[in-house]
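Before any comments, here is the structure.
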Amino acid sequence: MPTDPVLTLAQWLSPAYPVGAFSYSHGLEWAVHTGTVHDTGSFRAWLCDILEHGAGRNDVILLAAAYHAPDEDSLQGLDELARALAPSAERLLETEQQGMAFAQTTSHVFGTETGALTYPVAVGRAAGLMDLPLPETARFFLHAFAASLTSAAIRLVPLGQTAGQSILHIVTPLCQTIADQAITQPPESIGSATFAADIASMTHETQYSRLFRS
């Protein structure tokens, strides 16, 4: 009996899938350390900016391009672009390590061969190979990213579990809107304006006490 593709996406992008997303804060740990993010309101604003003006939107564009990539050369070009977009060594490690872990597990369980790709490119490529629906793939991917950062904020700010889930509930429609728009846009439309988050990821490398890898 064929598996519902939505259930496959739920498995790929759940916290149980071993990509190690819980290890990374995407610079949030430094933002909390400096007081930039210190409560529910400041975290919500930070998260929305990352989703709409930073890696959230960009990664979905990369995912969609990888989904439609006509050949290996195009795919490798997208992967090189994804690596070049990483603003710090830790952010590069974040996307490389998660992409590698995703590719290894998905190859073993589902039989898809994507190779060592950055995370959004690997997910897009695997979804294309399995003919999973692109809109749902993009929505699940972006929501999982938001959920991972919310989980980090619950531990770092700290936020209560209910407050964290309330924020995630608030940004869920934004995730859908961004994903639906981003999958129609070419890689040439990629751009970022989240300079504070990028700088946070750079300075996190030398932070004295750290819980997260980025």
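Taking amide H as placed 1.01 Å from N in the peptide plane, Ser25 has its amide H under 5 Å from the amide H of Arg213, Ser214, each at least 5 places away in sequence or on another chain. Protection proxy ranking of 183-192, 166-175, 77-86, by the mean of other Cβ atoms within 10 Å over each peptide's residues and highest first, is 77-86, 166-175, 183-192. Sorted from greatest to least, the principal axis extents spanned by the alpha carbons of the stretch 110-192 come out as 39, 28, 23 Å. Protein heavy-atom accessible surface, 1.4 Å probe, per residue over the stretch 72-193: 44 Å². Taking 0.36 nm per residue of separation and subtracting the Cα-Cα distance, full extension of the segment from Glu80 to Ser189 would add 37.6 nm. When the solvent-accessible area of the chain is split by element, carbon and sulfur atoms take up 57 percent of it, the probe being 1.4 Å.
In order along the stretch 92-109, the Karplus-derived 3J(HN,Hα) couplings, from 6.51 cos²θ - 1.76 cosθ + 1.60 at θ = phi - 60°, round to 5, 4, 4, 6, 5, 5, 5, x, 5, 5, 4, 5, 5, 5, 5, 5, 5, 8 Hz, and Gly and Pro are given as x.
With the whole protein complex present, Met100 retains an accessible surface near 80 Å², based on a 1.4 Å probe.
Inter-part distance, the stretch 190-214 to the stretch 1-72, computed on C-alpha centroids, equals 15 Å.
The values are calculated or read from the model by the stated rules, or taken from the named source; none is laboratory data. Worth saying up front: this structure is predicted, and the values here are computed from it rather than measured. Methodologically, a virtual Cβ is constructed for each residue, glycine included, from the backbone with ideal geometry; neighbour enumeration extends over all protein chains shown. These area figures cover heavy atoms from the full protein model, side chains too; ligands, DNA and RNA do not enter into them. Shrake-Rupley method; radii C 1.70, N 1.55, O 1.52, S 1.80 Å.
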